[in-house]
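A short write-up of the structure that comes next.
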Amino acid sequence: MKIVFWGVRGSVPTPRKDVLGYGGNTTCVQVFAGGQEFIIDAGTGIIELGHRMISEPPRGFTLLLTHLHHDHTQGFPFFRPAFSAGFGFDVYAGNFFRKSAREVIADSMSDPYFPVPLNSLASRITFKEIAFDNDHHLVEGLCDGAVDALRLFHPREGVVVYRFREGEKTLVFATDCEHYPGRDELLEPFIRNADIFVYDTMYTDEEYKKGNPPKIGWGHSTIEHGLKLASRCSVGKLICTHHDPAHSDAFLDEMFGKAREVFPETIGAYEGLALEV
Ligand SMILES: [Zn+2]
Ligand SMILES: [Zn+2]
């Protein structure tokens, strides 16, 4: 199994000199698992990934969306494989959004926002909904058994966390999930013993609780909570992502340096980071 990071910034693309070490593009990663290729989220990181893919032979793959906020969908209209015959992909998203993924992307690719409509693209795109209901937050065995999906909490409609399995190995990608009291009981069994656990560590506890303004209820977690989950659930590696646009490379270097004193296998995700398990 392999994961490659193409966008690691939270909330808004951040093309500023002091963040270029980690990178300014919003969420997008590529995952290879069970002989399949996945892309998670279509933040602006997917644009560069698309440029890479278009230079390679056309192929099929699966796009998994965690949720439909701008920073996870905004790169889609500039994703070149979508415009290219020969490429084909399924797009998965939760069934609990007021507008479906197809509607949101079609809206973003319509006048007056964008000149090329979704239904004119040359690739084959199929939208699929992941069927959660109020009593069941977990859907297992998507994509020929390679992917499990867990619905978590993120303002206002929720977010999907994905787990990939290949043989004994597991990788979890969990962004945009806040650690409201009592809610870890869903996430903890999902990440237990994962070889790689990617987590939203947008804030420090200090910023979360005492920032100006505090960030409680904004839908994101903290580095301290990520470290607690990683230790408690015996994960192999903690990969931190969805970096706050305000956090410079120097700030993040210090934050992850301190984190490694608590959980040595901690890495701050940066554009280009590739990990294999
Ligand atoms: Zn986000
Ligand atoms: Zn979000």
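The values are calculated or read from the model by the stated rules, or taken from the named source; none is laboratory data. Since we're looking at a predicted model, the values are computed, not measured. Neighbour counts are summed over all protein chains in view; Cβ atoms, including those assigned to glycine, are modelled from backbone coordinates with ideal geometry. To get the accessible areas, we keep the full protein, side chains included, count just its heavy atoms, and leave off ligands, DNA and RNA. Shrake-Rupley method; radii C 1.70, N 1.55, O 1.52, S 1.80 Å.
For the ranges 30-38, 58-66, 208-216, what's the packing order if you count other beta-carbon atoms within 10 Å of each residue, average per peptide, and put the highest first?
Sorting 30-38, 58-66, 208-216 by mean packing, highest first, produces 58-66, 30-38, 208-216.
Per residue of region 141-156, in order, report the coupling 6.51 cos²θ - 1.76 cosθ + 1.60 (Karplus, θ = phi - 60°) as ³J(HN,Hα) in whole Hz, putting x for Gly and Pro.
x, 6, 6, 6, x, 7, 10, 10, 10, 10, 8, 10, 10, 7, x, 9
Please list, ordered by chain and number, the residues whose modelled amide H lies under 5 Å from the amide H of residue 60; skip anything fewer than 5 residues away on the same chain.
88
With the cut-off at 1.5 for a/c, could you classify region 54-98 from its C-alpha gyration tensor as rounded, prolate or oblate?
Prolate, since a/c reaches 1.5 and a/b exceeds b/c.
With the cut-off at 1.5 for a/c, could you classify region 13-171 from its C-alpha gyration tensor as rounded, prolate or oblate?
On the way: a/c = 1.29, a/b = 1.22, b/c = 1.06.
Verdict is rounded for region 13-171.
Taking Cα pairs under 8 Å and at least six residues apart, what relative contact order does region 1-106 come out at, in percent?
23 percent
What's the magnitude of the charge dipole for region 48-156 around its Cα centre, counting Lys and Arg as +1 and Asp and Glu as -1 at the beta-carbon? Answer in Debye, nearest 20.
260 debye
Over what distance in Å are the Cα centres of region 78-93 and region 147-220 separated?
Using only Cα atoms, the two centres lie 27 Å from each other.
Could you rank the peptides 263-272, 222-231 by their average count of other C-beta atoms within 10 Å per residue, with the highest value first?
Working: 263-272: 17.5, 222-231: 20.5.
In decreasing order of mean packing, 263-272, 222-231 become 222-231, 263-272.
Need the C-alpha centroid separation for region 8-56 versus region 102-140, integer Å.
If you average the Cα positions of each part, the centres end up 19 Å apart.
Arranged from highest to lowest average of other beta-carbon atoms within 10 Å per residue, in what order do the peptides 91-102, 120-131 appear?
My ranking of the peptides, most packed first, is 91-102, 120-131.
For the chain, what % of the accessible area comes from carbon and sulfur atoms, probe 1.4 Å?
Accessible surface attributable to carbon and sulfur in the chain totals 51 percent.
From the residues 33, 171, 194, which one has its Cα farthest along the dipole of region 2-276 in the positive direction, the dipole being from +1 and -1 charges on Cβ of Lys/Arg and Asp/Glu about the Cα centre?
Value: 33.
Of all DSSP beta bridges located in the chain, what percent are antiparallel, nearest 5? Please list the in-between numbers first.
Numbers: 28 of 58 bridges.
Roughly 50 percent of the beta bridges in the chain run antiparallel, per DSSP.
Could you tell me which residue out of 94, 218, 269 lies farthest along the dipole of region 2-276 toward its positive end? Charges go on the beta carbon: Lys and Arg +1, Asp and Glu -1, centred on the Cα centre.
With unit charges placed on the Cβ atoms, the residue in question is 94.
Please state the charge dipole magnitude for region 32-89, taken about the Cα centre, from unit charges on C-beta atoms (+1 on K and R, -1 on D and E), reported in debye and rounded to the nearest 20.
Charge dipole, region 32-89, about its Cα centre: 160 debye, nearest 20.
How big is the charge dipole of the chain about its Cα centre, in debye rounded to the nearest 20, if each Lys and Arg gets +1 on its Cβ and each Asp and Glu gets -1 on its Cβ?
Computed about the Cα centre, the dipole is about 300 debye.
Charges on Cβ only, +1 for Lys and Arg, -1 for Asp and Glu, centred on the Cα centroid of the chain; of 229, 14, 250, which one is farthest towards the dipole's positive end?
Towards the positive end, the residue furthest out is 14.
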